[in-house]
Amino acid sequence: MPLSELQVEEIVRQVLTELAPAKPEGQPGICESVEEALRQADRSHKILYDISMKKREEAISNIRRLTLENAERLARLGVKETKMGRVEDKIAKHILVAEKTPGTECLTPTALSGDYGLTLTERAPYGVIAAVTPSTNPSETVICNTIGMMASGNTVVFNPHPSAKETSLQAIELVNRGAKEAGLPNVAFAAKNPTPESFSAMIASPIVRMVVCTGGPGIVKLTLSSGKKAIAAGAGNPPVIIDESACLEKAARDVIAGASFDNNLPCIAEKEAFVLASVYDDFLSLLVKNGAVLVSPEDTKRLEKLVLTEKEGKYFLNRRWVGQDASLYLDALGIASNSPRLIICEAEPNDLFVQEELMMPILPIVKAKNIDEAIALSVQAEHGYRHSAHMHSKNVDHLTRFARAAQTTIFVKNAPSYAGLGFKGEGHCTFTIAGPTGEGLTNAASFTRSRRCIMADSLHIV
Ligand code: NAD
């Protein structure tokens, strides 16, 4: 007697459950060693390869639901563990990931037919991916990467940032729970104690076919020297320009919203502003009117000493001060405040606050003589990362000139920077924005190989 579709599905589910690597409840995907994580990911990939798109989409729907259900818990855990960011903004980031990270719909095949027959091009998985995640979006990146990587049939071994390990590992458990509910094996893995060395072991392993890194310059360099297919999402230092045609009131509100979102941790957040001289004073007043706290030049120097450390002529972020609430910096300076979201200071183009990627709710404001100077200084401050740049203007010529000069992956016009992530902006969401390697805002298709299949002289019906 032929089996019904439902019966076949049930048998497959039971077989998969038996084949799936056994782990103690509550810890799916978390392994004793990186070698074990790689072995399990390899085994799971072979199972996943034969699982239907429908099932993968079902797993993704589960992950979306679980992310929404756990948004607040993960946001609180992220802030508690990393001691950075704002709970309410991290909740918003989880909702964004759940709702706007694309799944299998990115994997559209293409077909060409003609005199010689039919050629089909399909998106195939790489296999096992090694992925490193930052402390700034520890659970968001894990969930977002897993949805895209699993949608295209890959499994992934993460190397979470050691200072955000617990949050990232809990996100790995969550995605595996979503996969399991759909009858899939675990799809994401990690060693229980990730270190820089475990990442080096991962990229050296023959099991790993692709390396994806989301982090700062050190890890990008290491990833690009891996000798494997690499996707690198690196640092940014996004400038924002405000010209005389902008709606200044809206620009002030937008800049405060973008630059203070999650205490300026997102790599796309406005990190320095260049304001045309003709509107400089008005814009500064509007920032203050809308709640930003302007600190004096003397206090700016004290702030610099507080948050940057000098060593042999080089400056480093004092990590204790990354991503803190604005009021804490002011408290440290002895300035009374009423829980502001953003600190602003007047700055010169070469000031450290302009040139360094602070990831703090401190926005230096530079006066530019004209649009030419504003564009030139912005491009210089962006350091050629080609990551993100933003502008408030109604002058199409200015907008076009800046976009062309900046050459950034994301260019947001007349909105807070987070619109570039799809938050209150059109377009899909990702937390891995690959400027150096050019994939841009990654999605499931970024984690695939293109494969072509040719059928000559048939399957061509006209
Ligand atoms: P980080 O670069 O300090 O750390 C990232 C990860 O790399 C961590 O796991 C760290 O332990 C590891 N690492 C760093 N150097 C290493 C080395 N030499 N060998 C092995 N492992 C190494 O990043 P972070 O502070 O967590 O995140 C902030 C940085 O990431 C910022 O520069 C930010 O702009 C960038 N970022 C970029 C994107 C993007 O999509 N482009 C997204 C988020 C963050």
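The values are calculated or read from the model by the stated rules, or taken from the named source; none is laboratory data. This one's a predicted model, so the numbers in the text were calculated from it and none came from an experiment. Ideal geometry is used to build each Cβ from the backbone, glycine not excepted, and the neighbour counts take in all protein chains shown. The area values use the complete protein model at the heavy-atom level, side chains included, leaving out ligands, DNA and RNA. Shrake-Rupley method; radii C 1.70, N 1.55, O 1.52, S 1.80 Å.
One line per residue, one yes/no per condition, for (1) of a type in the set (S, T, N, Q); (2) open to solvent by 20 Å² or more (accessible area, probe 1.4 Å); (3) not assigned by TED's automatic domain parsing to the domain that holds PHE274:
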{"residue": "GLU310", "(1), (2), (3)": "no, yes, no"}
{"residue": "LYS314", "(1), (2), (3)": "no, yes, no"}
{"residue": "ASP351", "(1), (2), (3)": "no, yes, no"}
{"residue": "GLN355", "(1), (2), (3)": "yes, yes, no"}
{"residue": "ILE365", "(1), (2), (3)": "no, no, no"}
{"residue": "ASP372", "(1), (2), (3)": "no, yes, no"}
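Cβ-Cβ below 9 Å, separation at least six or inter-chain, first residue in region 205-220 and in the same structural domain as TYR385 (by TED's automatic domain parsing), second near the ligand (Cβ under 10 Å from one of its atoms) and open to solvent by 10 Å² or more (accessible area, probe 1.4 Å): which pairs?
Final answer for the pair search is none.
Please work out if HIS94 is in a helix (DSSP H, G or I), open to solvent by less than 20 Å² (accessible area, probe 1.4 Å) and in the same structural domain as PHE158 (by TED's automatic domain parsing).
Details: in a helix (DSSP H, G or I): yes; open to solvent by less than 20 Å² (accessible area, probe 1.4 Å): yes; in the same structural domain as PHE158 (by TED's automatic domain parsing): yes.
Yes.
If you check ALA444 against the conditions, is it touching a residue at least 12 places away in the same chain (Cβ under 8 Å), within 15 Å of ASN237 (Cβ to Cβ) and touching a Ser or Thr at 6+ places or on another chain (Cβ under 7 Å)?
Values: touching a residue at least 12 places away in the same chain (Cβ under 8 Å): yes; within 15 Å of ASN237 (Cβ to Cβ): no; touching a Ser or Thr at 6+ places or on another chain (Cβ under 7 Å): yes.
So ALA444 does not fit the description; no.
Kindly list, by first and then second residue, each pair from a residue in region 61-90 that is open to solvent by 60 Å² or more (accessible area, probe 1.4 Å) to a residue that is assigned to a helix (DSSP H, G or I), limited to pairs with Cβ atoms under 6 Å and residues at least 6 apart or on different chains.
As it stands, the answer is LEU68/ALA98; GLU72/ILE91; ARG76/VAL87, since those pairs meet every condition given.
Let me spell it out: the conditions are (1) surrounded by 20 or more Cβ atoms within 10 Å (Cβ to Cβ); (2) farther than 24 Å from ALA92 by Cβ, and PRO217 meets all of them except one. Which number is the exception?
(1)
Go through region 150-203 and count every residue that is within 15 Å of the ligand (Cβ to nearest atom) and either open to solvent by 10 Å² or more (accessible area, probe 1.4 Å) or closer than 19 Å to VAL128 by Cα (or both).
At the first step, the residues of region 150-203 found to be within 15 Å of the ligand (Cβ to nearest atom) are 156-169, 171-172, 190-203.
When the remaining residues are screened for being either open to solvent by 10 Å² or more (accessible area, probe 1.4 Å) or closer than 19 Å to VAL128 by Cα (or both), the result is 156-163, 165-166, 168-169, 171-172, 190-203.
Number satisfying all stated conditions: 28.
Checking the conditions here, which among PRO138, PRO125 is within 16 Å of the ligand (Cβ to nearest atom), under 27 Å from ILE207 (Cβ atoms) and either out of contact with any Pro (no Cβ under 6 Å at 6 or more places or on another chain) or of a type in the set (D, E, K, R) (or both)? Full working, then the answer.
Values: PRO125 fails: within 16 Å of the ligand (Cβ to nearest atom).
After applying the criteria, what remains is PRO138.
Could you check how many residues of region 247-270 are open to solvent by 10 Å² or more (accessible area, probe 1.4 Å) and either in contact with a strand residue (DSSP E or B) (Cβ under 8 Å, 6 or more places away or on another chain) or more than 16 Å from the ligand (Cβ to nearest atom) (or both)?
Restricting attention to region 247-270, the residues satisfying the condition of being open to solvent by 10 Å² or more (accessible area, probe 1.4 Å) are 247-250, 253-254, 256-257, 261, 267.
Filter once more, so that each one left must be either in contact with a strand residue (DSSP E or B) (Cβ under 8 Å, 6 or more places away or on another chain) or more than 16 Å from the ligand (Cβ to nearest atom) (or both): 247-250, 253-254, 256-257, 267.
The number of residues fulfilling the criteria is 9.
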